[in-house]
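First up is the structure itself, then whatever we jot down about it.
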Amino acid sequence: MLKKLVPELIALRRDFHQYPELGFKEFATQKKIITYLDNVGVKAKKIAKTGVVGALSGNRQGRTLLLRSDMDALPIQEETNLEFQSKNSGIMHACGHDGHMAMLLVAAKLLAQFKENIAGNIILAFQPNEEDAGAHKMIEENIIEDFKVDAAFGCHLWNQLETGRIDICDGPAMAASHYFYLTVKGVGGHAGFAHESIDPIFISSHIIQAVQSIQTRQINALDPAVIMFTSIHSGTNTTIIPEKTVLQGSIRFLYENGEDILKKFEQVVNGICNLHGAGYELEFKKGNDMLSNDPSVAEVVRKAAFSILKDEKKVTADIRTMAGEDFSEFAARVPAAFAFVGAKNKSQPIVYPHHHPQFDLDEDALVLGSELYINVALNYLKDIF
Ligand SMILES: [Zn+2]
Ligand SMILES: [Zn+2]
């Protein structure tokens, strides 16, 4: 049934790929999605500035499942030489969100054709700005309450997994992320009289090393956590001890109640600065909450994946990642699950990682992703066809 729609599925993905838009600027993308949904008989409207929500009601009463696709591209200059490469200079669909939109649109078309047989409602959520935690805007605009959502499902095409495989785990799947902004305040002076200064570079180097002990000495080594410094700025030349060092980075964890690590981080910073007589300013900003899969929804997804791939070995539960995903906003409010759909194909070769200027995805995976949306919806709503 889906086979007939494969050319349409690929054409949709390529069109989104050619005209990528950054987070909360997905205006043309939004328009295309609304037009498509209108044409297949799904009522759709704008939400969260550049997002779209469509509602598909079955002919009988039942539960309500939200299916989510993200929409945004990245500020990357594409270097793929694909015939359908980006026409928007400096912007590229380098994460696969073009594929997600195509998969969910075609799934909506097929589900709409069978709505007499569906008990309940399917909410099609096209969410803007995933790369910068944009899901909260849909939540603030009450998508969960207004549509009385009972559960949610999302997926990501994944280039670390071969095409023909689907991965879904129970519990923690993608990490919580918090960003830190630290300024170590010393006393500047001459490099020849260091004892008369308080050297913020020297102190910062201690902090960078010392906080790495938190993961094994202050929290259980079996609880995954990383503390990454991604930016350091200080000083001007070879003879001046600077006044301050400005450091940034992220703290990520993949276990319940891991927020404690932020306090422990500050304790170490505070201790080392005190030791050397330096001051500091420290701010945290939250990125994503941890994404944890509800086992009962994950089971629905697993069964849907079995029915598509027809081989238990191809449905795995291996992928847990320290990357974040703002689908966690939905998962924090209703039972939800998030799957990875393999899109790597060494023979083509399609091997570049997400966010790479040569990123591409195996279009055979689009069919599997679209079928997954459909089968999860039908299984969850206990269809009768
Ligand atoms: Zn991404
Ligand atoms: Zn992504």
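Before moving on, here are some points about what is shown:
- When Ile76, Ile91, Ile139 are checked against the criterion of being β-branched (Val, Ile, Thr) and either away from ligand 1 (no atom under 15 Å from the Cβ) or at positive phi (or both), a single residue qualifies: Ile139.
- Screening His355 against (1) within 16 Å of ligand 2 (Cβ to nearest atom); (2) surrounded by 17 or more Cβ atoms within 10 Å (Cβ to Cβ) leaves a single unmet condition, (2).
- Cβ-Cβ contacts under 9 Å between residues 6 or more apart (or on different chains), taken from a first residue in the stretch 127-148 that is closer than 17 Å to Leu22 by Cβ and modelled with pLDDT of 95 or more to a second residue that is assigned to a helix (DSSP H, G or I) and of a type in the set (Ser, Thr, Tyr), are listed as Pro128/Thr29; Ala135/Ser328.
- Cβ pairs under 8 Å, 6+ apart, first in the stretch 311-325 and closer than 22 Å to His355 by Cα, second polar (S, T, N, Q) and within 16 Å of ligand 2 (Cβ to nearest atom): Ile319/Gln160; Gly324/Ser177; Gly324/Asn288; Glu325/Asn288
- Search result, residues across the stretch 213-260 that are among the aliphatic types (A, V, I, L, M), crowded, with 18+ Cβ neighbours inside 10 Å and either more than 26 Å from Ser328 (Cα to Cα) or touching a helix residue (DSSP H, G or I) at 6+ places or on another chain (Cβ under 7 Å) (or both): Ile214, Ala225, Ile227, Ile241, Leu247, Ile251
- Among the candidates Leu37, Leu67, Leu111, Leu104, residue that is in contact with a strand residue (DSSP E or B) (Cβ under 9 Å, 6 or more places away or on another chain), surrounded by 24 or more Cβ atoms within 10 Å (Cβ to Cβ) and in a strand (DSSP E or B): Leu67
- Selection count, the stretch 327-385, where residues are of a type in the set (D, E, K, R), farther than 29 Å from Asp294 by Cβ and within 16 Å of ligand 1 (Cβ to nearest atom): 1
- Taking the listed residues Ala365, Ala317, Ala336, Ala377, the one that is in contact with a Phe, Trp or Tyr (Cβ under 7 Å, 6 or more places away or on another chain) and within 19 Å of Arg302 (Cβ to Cβ) is Ala336, with no other qualifying.
- Which numbered condition Glu281 misses (of (1) touching a Ser or Thr at 6+ places or on another chain (Cβ under 6 Å); (2) under 19 Å from Leu157 (Cβ atoms); (3) not in a helix (DSSP H, G or I)): (2)
- Of all the numbered requirements in (1) outside any loop (DSSP other than H, G, I, E, B); (2) farther than 30 Å from Lys87 by Cβ; (3) within 15 Å of ligand 2 (Cβ to nearest atom); (4) not polar (S, T, N, Q), Ile319 misses one, and that requirement is (1).
- Test: residue in the stretch 344-362 that is under 30 Å from Arg63 (Cβ atoms) and not small (Gly, Ala, Ser): no
The values are calculated or read from the model by the stated rules, or taken from the named source; none is laboratory data. Fair warning: this is a prediction, and the values are worked out from it, not measured in the lab. Counting neighbours? That spans all protein chains shown, and the Cβs are built from the backbone with ideal geometry, glycine included.
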